[in-house]
Each structure stands twice: as C-alpha cells, then as structure tokens.
1. Being under 13 Å from Arg110 (Cα atoms) and either modelled with pLDDT under 90 or open to solvent by 10 Å² or more (accessible area, probe 1.4 Å) (or both) is the filter here; which residues of region 56-65 pass it?
2. Taking Gln75, is it modelled with pLDDT of 85 or more, open to solvent by 30 Å² or more (accessible area, probe 1.4 Å) and under 23 Å from Gln119 (Cα atoms)?
3. Here's a check for you: in region 89-123, which residue that is open to solvent by 70 Å² or more (accessible area, probe 1.4 Å) and in a helix (DSSP H, G or I) is nearest to Ala167 (Cα to Cα)?
4. More than 22 Å from Cys104 (Cβ to Cβ) and either over 17 Å from the mean Cα position of the chain (by Cα) or at pLDDT below 90 (or both): does that describe Arg38?
5. Do you know which residues across region 116-150 are among the aromatic types (Phe, Trp, Tyr) and either at pLDDT 95 or above or touching a Gly at 6+ places or on another chain (Cβ under 8 Å) (or both)?
6. What's the total number of residues in region 124-153 that are open to solvent by 60 Å² or more (accessible area, probe 1.4 Å) and not acidic (Asp, Glu)?
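The values are calculated or read from the model by the stated rules, or taken from the named source; none is laboratory data. Small disclaimer: the values here were computed from a predicted structure and weren't measured. Cβ placement follows ideal geometry from the backbone for every residue including glycine, while neighbour counts extend to all protein chains displayed. What goes into the accessible areas is simple: the full protein's heavy atoms, side chains included, and nothing from ligands, DNA or RNA. Shrake-Rupley method; radii C 1.70, N 1.55, O 1.52, S 1.80 Å.
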Amino acid sequence: LHTLITHTAPQVQWTDAQELAAMRSMLGAAARNMSHQRLQSRAWHGIAAALSRASSRPHFFACGGAAAVCRALRQHLREGRADISDEQLAKLQTAVMVAFSAACTNRDGRREVELQDVQLILQALPEHVPTSNFIKNSCRALGCLATQPEWQEWMRSRGVASEVVGALQDLMIKPHKDPSETAAAVAAGCFALSCLQSPGALLVAISFVL
C-alpha cells in the first residue's frame with residue numbers, strides 16, 4: 001500500500017471504497033505494530049501521502065485517524081530509537097506531523113489532542129530546525145488549535161508565539177535546500193502567529209521573507 005499510494009500519480013482516480021480500504025489498512029497496520037519502527041515509518045508515510053488527496057480525509061477521521069495519530073505522536077516524538085537511524089526517525093516524525101496537522105483541521109479531530117501532545121511538539125521544534133516540513137506542519141497544527149479559545153489562552157500564557165518565531169529564525173540560518181519549502185514553513189508560522197493574535201511576533205516572521 002505504501003508503494004502504491006506514494007507512487008500513484010495524483011490524477012489517477014481511486015474509488016471511494018478503495019480510498020476507505022487503503023486508509024483502514026494503513027491505520028490498522030500502524031496501530032498493531034507500534035514497536036516496529038520501520039513498519040511505522042512506511043505506514044505513516046503512506047497515510048501522509050493519502051491525506052494529500054482531499055477524498056481520503058473523511059476516511060481518515062471515520063477510521064479513527066485522529067486518535068491514532070495522537071498516540072503515534074506521543075510515541076515517536078519522545079526519544080530516539082535504536083532500530084532506525086536519526087534521519088529515518090526524523091522522516092517518521094515528519095510524516096506523523098503531516099497527519100497530526102490534518103487532524104487539527106477537523107473539529108472532532110481537535111478533541112483528541114491533549115496538552116502533552118502540544119508540549120511534545122514545542123519540545124521538538126528546536127530539534128527539527130533543518131526539517132522545514134516538520135516546522136511547517138507543526139505550525140499549521142498549532143494555528144488550527146489556536147482558533148479554539150481554550151488553546152489560544154494556554155498558548156499565549158506559555159509564550160508559544162516566541163517559540164514559533166525562534167524556530168523560524170533558526171530555519172532562516174539553515175534554510176532548506178528548496179527555497180519554496182522554507183517559504184512554506186514561514187507562511188505556516190505566520191498562520192500560527194495570526195491565530196495566536198500576536199501582531200508583533202507576526203511582523204517579525206513576515207520580515208524573514210521580505
């Protein structure tokens with residue numbers, strides 16, 4: 001499924017039943033093999049690729065994807081793993097963040113998010129500065145959560161705006177080899193800062209791309 005999904009051209013149309021079956025299979029594989037890091041990596045990369053199709057998103061939520069990605073985030077963002085390299089772990093964490101970001105765009109998906117999840121993301125941000133895709137999806141998730149009053153209040157009291165700006169500043173020092181990826185991460189950071197209603201921090205972030 002990983003190979004099929006990640007190598008299928010975007011214009012190829014899947015039936016609704018195929019989309020549902022594929023999502024259910026990948027989420028099931030991820031849930032049954034939490035300690036198998038290589039399988040986790042392939043499953044979450046496949047899920048992340050599937051989520052690029054708008055038609056797959058309803059199936060992700062219908063199959064319990066929001067709860068599943070929160071469990072995966074808690075496991076894979078905590079510490080390093082002995083059975084895969086640091087580079088492979090970073091790619092796995094980024095794939096999980098793609099799915100987590102998608103979960104945060106959904107009202108029911110946001111209900112699955114716990115305080116420890118956001119804390120783990122904030123702890124991981126400084127460690128993933130070279131990974132602009134991780135920063136981009138982290139900021140998107142934080143921004144979506146910040147649209148909820150209770151999350152916005154907590155993030156503002158926690159100084160999350162300053163942490164987002166700090167991650168973006170470091171990213172500009174070590175930008176992605178693809179300038180468009182760096183720009184996308186900065187745009188996501190600006191989205192998070194606007195949702196946090198932090199105009200001063202937002203102006204600083206915008207200055208990075210001027």
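1. Pass one, region 56-65, residues under 13 Å from Arg110 (Cα atoms): 61, 64-65.
Matches in region 56-65: Phe61, Gly64.
2. On the way: modelled with pLDDT of 85 or more: yes; open to solvent by 30 Å² or more (accessible area, probe 1.4 Å): yes; under 23 Å from Gln119 (Cα atoms): yes.
Spelling it out, Gln75 is indeed modelled with pLDDT of 85 or more, open to solvent by 30 Å² or more (accessible area, probe 1.4 Å) and under 23 Å from Gln119 (Cα atoms).
3. First, the residues of region 89-123 that are open to solvent by 70 Å² or more (accessible area, probe 1.4 Å): 91, 105, 107-108, 111-112, 114-115, 123.
Checking which are in a helix (DSSP H, G or I) leaves us with 91, 107-108, 115, 123.
Details: Lys91: 18, Arg107: 27, Asp108: 28, Leu115: 20, Gln123: 11 Å.
Looking at the filtered set, the residue picked out is Gln123.
4. Numbers: more than 22 Å from Cys104 (Cβ to Cβ): yes; either over 17 Å from the mean Cα position of the chain (by Cα) or at pLDDT below 90 (or both): yes.
So Arg38 fits the description; yes.
5. From region 116-150, those among the aromatic types (Phe, Trp, Tyr) are 134; that's our starting set.
Scanning region 116-150 gives no hits.
6. The initial filter retains those residues of region 124-153 that are open to solvent by 60 Å² or more (accessible area, probe 1.4 Å), namely 126-127, 130, 140, 147, 149-150, 153.
Among the residues that remain, those that are also not acidic (Asp, Glu) are: 126, 130, 140, 147, 149.
Count: 5.
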